[in-house]
Amino acid sequence: MENASEIKLHVLGDFGPFSRAGKSIGYLITIGGESFLVDCGSPLFNQIGGQGIQSINGIIITHCHDDHKRWFTDLALYYKYASGSGKKLFLLSSEEVTSELMRSSASAMNRTLSLDSSMIIDMPFDDFVESRILGPKALYTIEELRTHETRTYGVVDSMGREVPHDRAKVVINPSSGIPRMLFRDPDYDEWVEPESFYPFSSANFYAEDRNTYRSEGYSIEAIKAPVWHGIPGIGLRFSTGPETLLFTSDTVHDTALWKSLAMEKRRPKADLSSRDFLDARLIYGDINDYIERTWSMERYNNAMKAFEGAVVIQDVSQKGSIVHTDYDKLESTNLKRGKTLLTHSPDTITSQWPLSFSGKSYIIRNGQALEVVEGKHYLLDADIFHKSDGKFFIGYKRDRGAYAVYEKDRLLSVHPVGQKTPAEAGELLYRVDLYEDISGRYFPKLDSTDKSYIVRADGLVELVRHTKTGSSGQLVESLRKEA
């Protein structure tokens, strides 16, 4: 029976940005009887088709890296020209991400031919997309200021008034030409970059209205405090009251780093004199030479509390990823293994934390994620989760298991027992029996090239044996046990 408090998650794509699988990032969330796409980097038209795309209630974009928003323009164009529905694509995102989507899609959407093909006409973004802001609006923005003789940048408040130079200024790095804001925080009396310094709860920089999206029986809230990825982005909190699902999107989740960002007072490196700096409205240089503190303590505290009571979808990478959460640092996070599902993982990874995989479906029930397979619900109770060669495997500890799990520098690998193990594998932890996960069903891992599993048109799985003269198959049953 349907439970209105449950949240359903279908993984359309969860591979890393440079994956050979090419599925990138995308999720379908069903909550309160409505469905939303979270990001659209995976091949949606292949996966859910035009009818599925038209059935969604909206799309939420967390940030503007291509592996998360690759199909956004196509979706908007499809709604406008091909769907026949007369509807616009409904977009939920933060003020900054929405602005970036408008800029990045302009070349495809803002100019076209008239209906009789006789004129080139301009088309506003709003002709294609109905956008609604998630998260509060900023009280201060960078605007292009013009006089009769000059054109420059300045910071203006929500009434359109220019903010004095001793409170806010614009810094442009000559290498990128992108204007960024430098703001003097009234509490710390320090120069900060507000986009990174403040959480959405800060009254010093954001309006009071958090612009939480609410519908019957659920809410969708944008969060920023634990999201640290380099470009503007948001995390998402889906809540029905009893159940909460949290997307951090791409981020560096490292509580020690977060604390240092909030605690460390930085010494400015700029060559400008104090007087020249205060008098300047616009500075050309590196903004990091002027920032005195990266995070506020309010942001740090909010980031530490963000995961309480939620099932978390958390990106993961291997060591040294810079802009993602490294697997070897998961123990330095405030994530809980039983309430975390790792996603956005590389093509090959071995994990003791549950990994998601493209095509899988989950339900959030009683504060945990259960996998949904053919209408049945299963615990994520394996000891090892392993991705390799586009396939997904799980392992259970066995004293005489056919595979051995090794650890080196907190990274794991799996190797067959009885074969020579690479010297770089590290320390033997334990042995496991390994199973290939096929659409949530478990079958013993095959070690020879003359055997393979195939999924038939009726959904049943055959073990096929290949010989020089042909092949033969037999039906096999899943060994997975229902929760």
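No lab work stands behind these numbers, since they all come straight from the coordinates. Small disclaimer: the values here were computed from a predicted structure and weren't measured. Note that each Cβ is placed from the backbone with ideal geometry, even for glycine, and that neighbours are counted across all protein chains shown.
Which order, highest average first, do 82-88, 61-67 follow once you tally other Cβ atoms within 10 Å for each residue and take the mean per peptide?
Packing proxy ranking, top to bottom: 61-67, 82-88.
Can you list the aspartates and glutamates whose alpha carbon is less than 14 Å from that of LYS387, not counting same-chain residues fewer than 8 positions off?
ASP14, ASP347, GLU436, ASP437
Cut-off is 10 Å between beta-carbons; in what order do THR251, THR30 appear when sorted fewest neighbours first?
Lowest count first: THR30, THR251.
How big is the convex hull of the Cα atoms of the range 384-476, per residue, in Å³?
125
Select one label from (1) 138; (2) 245; (3) 207: the one whose number is volume of the Cα convex hull per residue in Å³ as derived from the coordinates shown.
(3)
May I ask which residue of SER83, HIS65, SER35 lies farthest towards the positive end of the charge dipole of the range 1-108, with charges of +1 (Lys, Arg) and -1 (Asp, Glu) on Cβ and the Cα centre as origin?
Farthest along the dipole direction, towards plus: SER83.
At 7 Å along Cα-to-Cβ for each site, give me the label-to-label distance between SER452 and SER85 in nm.
If labels sit at SER452 and SER85, their model points lie 3.7 nm apart.
Using helices alone, what [θ] at 222 nm do you get for the chain, with -39,500 (n - 2.57) per DSSP H run of 4 or more residues, divided over all residues and rounded to the nearest 500?
Counting only the DSSP helices, I get -3500 deg cm²/dmol.
Taking a threshold of 28 Å on the Cα-Cα distance, which of the pairs LYS224/LYS319; LYS445/LYS468; LYS397/LYS451; LYS408/LYS451; LYS169/LYS269 fall above it?
Where the Cα-Cα span goes over 28 Å, the pairs concerned are LYS408/LYS451.
Given the C-alpha atoms of the range 23-130, compute the convex hull and give its volume per residue in Å³.
For the range 23-130, the hull spanned by Cα atoms encloses 103 Å³ per residue.
Loop sites only, by DSSP: take the GluC sites (Glu not before Pro) in the chain that have at most 15 other C-beta atoms within 10 Å and name the longest stretch containing none of them.
Here the longest run is 3-148.
Could I have the simple spin-label model distance between ILE121 and ASP279, label points 7 Å from Cα toward Cβ, reported in nm to one decimal?
Each label point lies 7 Å from its Cα, and together they span 5.3 nm.
I want to check the label-to-label distance for GLU130 and ASP271. Put each point 7 Å from Cα in the C-beta direction and report it in nm to one decimal.
5.5
Enumerate the aspartates and glutamates that LYS80 could reach by cross-link, defined here as Cα to Cα under 16 Å, with residues fewer than 8 away along the same chain left out.
Once the sequence-local aspartates and glutamates are set aside, what remains near LYS80 is ASP122, ASP126, ASP127, GLU130.
In whole Å, what is the distance between the alpha-carbon centres of the range 381-410 and the range 169-237?
Answer, in whole Å: 40.
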